[in-house]
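The values are calculated or read from the model by the stated rules, or taken from the named source; none is laboratory data. These numbers were taken from a predicted model, which means no experiment stands behind them. Positions of Cβ are backbone-derived with ideal geometry, glycine not excepted, and every protein chain shown enters the neighbour counts.
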Amino acid sequence: MPRLGKYVAPVDEPTIARRIRDLRKQRGLTQVELAEKLGIDQTLLSTYERGTVRIHGAMVAALAKALRTTTDEVLALKETKGNGFVTDRRFRRRLEQIEKLPRRKKDALLTTIDAFLKQP
């Protein structure tokens with residue numbers, strides 16, 4: 001009978017836990033806000049971020065979707081791209097509202113913003 005070798009995982013739970021916490025903070029989310037997006041209790045998310053509970057594969061996928069990233073980044077298999085995300089909650093909430101606007105209103109708003117930014 002063949003002997004099974006020791007499997008060495010590419011990352012450990014504490015590394016994944018840190019990555020989840022770092023990604024959440026980069027996105028400007030609290031544990032409560034992310035837990036609501038995931039449909040779980042904040043205390044469960046806290047255990048994931050502390051690395052005390054192993055994360056189910058479906059939850060990894062849900063985290064990636066909620067954090068707008070890839071599962072490789074959640075699992076710390078790939079470096080995070082720290083750019084492109086607003087950390088100020090006031091701006092983030094407004095951007096979320098802007099994303100829901102019809103295209104015509106978005107274009108009008110962007111024209112106004114561009115004009116404002118061009119002023120000395």
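Details
- Matching residues, segment 85-120, being within 27 Å of Leu23 (Cβ to Cβ) and among the acidic types (Asp, Glu): Asp88, Glu96, Glu99
- Within the option set Gly84, Gly39, Gly28, being modelled with pLDDT of 90 or more, at positive phi and not hydrophobic (A, V, I, L, M, F, W, C) holds for one residue only, Gly39.
- Scanning segment 51-70 for residues that are over 15 Å from Leu23 (Cβ atoms) and part of a helix (DSSP H, G or I) turns up Gly57, Ala58.
- Residue check, Leu44 out of contact with any helix residue (DSSP H, G or I) (no Cβ under 6 Å at 6 or more places or on another chain) and under 30 Å from Ala9 (Cα atoms): yes
- Qualifying residue in segment 25-43 (condition: of a type in the set (A, V, I, L, M, F, W, C) and in a loop (DSSP other than H, G, I, E, B)): yes
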